[in-house]
Amino acid sequence: MSYFLVHLPSGWHVDQAILSEEDRVVVIRFGHDYDPTCMKMDETLYGVSEKVKNFAVVYLVDITQVPDFNKMYELYDPCATMFFYRNKHIMIDLGTGNNNKINWAIENKQELIDIIETVYRGASKGRGLVVSPKDYSTRYKY
């Protein structure tokens, strides 16, 4: 599904995508198109992109082709999804301890829509950290 979504080919393009969007959340999936986790996330992102187009825009970035942000955003996972609003990184408390990004594939489309909507509502009110509508701390049953 990644070929349906817009790929950003350089660091400059990523910066411009974040800078140019004034009233929508910029959702960027950092990773590889061939990674199974990214494939699942891309499918979900593509499925919700039409529904959230009024308040969010989705981009994909290959972390090998565009290594500029790997250190800055600690992109060591095979797949990481981050949110930006008016040139500001919006953190989201998912209950996992890592508030910077989502580093797993969300396969439920409604869940992802809820997260993007929560980010949009919080960010438009000036918050830099929003709380996820669902707690993911018990996602893995040990």
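Quick note: the coordinates plus some simple rules give every number you see, no bench work behind them. This is a predicted model, so every value here is computed, not measured. For neighbour counting, all protein chains shown are included, and Cβ atoms are generated from backbone atoms with ideal geometry for every residue, glycine included.
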Starting from region 41-132, pick out the GluC sites (Glu not before Pro) whose DSSP state is loop and whose Cβ has at most 10 other Cβ atoms within 10 Å. GLU50
Tell me, what is the percent relative contact order of the chain, built from C-alpha pairs under 8 Å that lie six or more residues apart? 28
Residue-averaged [θ]222 nm for the chain, counting only DSSP H segments that reach four residues, each worth -39500 (n - 2.57): -9000 deg cm²/dmol
Based on DSSP loop calls and a cut-off of at most 11 other Cβ atoms within 10 Å, the longest stretch of the chain free of exposed trypsin sites (Lys or Arg not before Pro) is what? 72-124
At R0 = 25 Å, how high is the FRET efficiency between TYR34 and TYR76 if r is their beta carbon distance? Nearest 0.05 is fine. 0.90
